[in-house]
Amino acid sequence: MSGIAQGYFTISGAAAYCAYGDSAFREYAKKFNLPRCGPKNNRYSKDTLDAFMANPHAFLKQKPAPRPRQGFTPVAV
């Protein structure tokens with residue numbers, strides 16, 4: 001398989017492994033929190049991709065909680 005080296009895929013290899021096009025996989029990698037590894041942080045492990053394909057919602061990015069505004073007092077109506 002192209003793009004695999006000892007259980008790690010490049011973006012093109014990961015896209016092919018997941019049966020997506022390169023651009024679609026890049027969008028999913030932005031939308032979901034897919035951990036990358038390698039010396040240049042440009043590889044995806046086969047185990048991570050298998051887990052992603054089994055349950056993609058487990059990799060959804062969490063929105064940060066809103067920070068309370070300092071000096072703001074809500075007014076009772």
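For the chain, the 222 nm mean residue ellipticity estimated from helices alone, with every DSSP H stretch of n ≥ 4 adding -39500 (n - 2.57) and the total spread over all residues, rounds to -9500 deg cm²/dmol. Among Thr73, Thr10, the order by Cβ neighbours within 10 angstrom, fewest to most, reads Thr73, Thr10. The C-alpha radius of gyration of the chain, expressed as a fraction of 2.2 N^0.38 Å, stands at 1.60. Build a GNM of the chain with springs between Cα atoms under 10 Å apart, and of Pro56, Pro66, Pro35 the one that fluctuates most is Pro66. Taking 0.36 nm per residue of separation and subtracting the Cα-Cα distance, full extension of the segment from Met53 to Arg36 would add 4.6 nm.
Rule-based calculations on the coordinates, nothing more; no lab input. Model, not experiment: these values are computed from the prediction. Positions of Cβ are generated from backbone atoms using ideal geometry, with glycine treated the same way; all protein chains shown enter the neighbour counts.
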